[in-house]
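What follows is a single structure, written as structure tokens, with notes after it.
The values are calculated or read from the model by the stated rules, or taken from the named source; none is laboratory data. A quick note: this is a predicted structure, and the numbers were derived from the prediction, not measured. Because the Cβ atoms are built from the backbone with ideal geometry, glycine has one as well, and the counts that use them run over all protein chains shown.
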């Protein structure tokens with residue numbers, strides 16, 4: 001859909017709304033109310049169609065990859081607090097380890113790109129899943 005076709009559709013819907021409003025006789029009070037409701041429903045349908053068309057156009061023609069043009073890639077991320085994260089970002093042949101918090105991004109470490117993603121260490125006692133911890137506590141209570 002181009003801008004021209006969107007303008008044409010908007011103009012046609014506006015013309016249809018005005019003709020629909022003028023076609024109702026003014027002498028019949030219930031006919032006026034019915035005409036107003038019909039006009040309202042048509043106007044709502046036009047607005048919803050315009051919102052859908054705008055969303056489609058934004059999705060179709062938006063820049064994917066942002067301003068970096070694909071040069072930036074998030075390799076891994078981990079939450080270290082309710083609003084804090086550690087993120088590994090690849091830029092060219094370099095990996096940056098960044099600390100991200102509300103209102104702040106800090107560079108923690110810089111290293112050359114690895115051939116593979118680093119292995120995640122096995123869970124230790126301090127990193128057990130909650131389900132296993134709860135099961136152990138319930139068994140102790142019995």
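Quick notes on this one:
- Checking the range 80-89 against the condition returns no match, with no residue being outside any strand (DSSP E or B), out of contact with any helix residue (DSSP H, G or I) (no Cβ under 6 Å at 6 or more places or on another chain) and modelled with pLDDT under 75.
- Residues located in the range 32-69, provided they are at pLDDT below 85 and surrounded by 13 or more Cβ atoms within 10 Å (Cβ to Cβ): 32, 35
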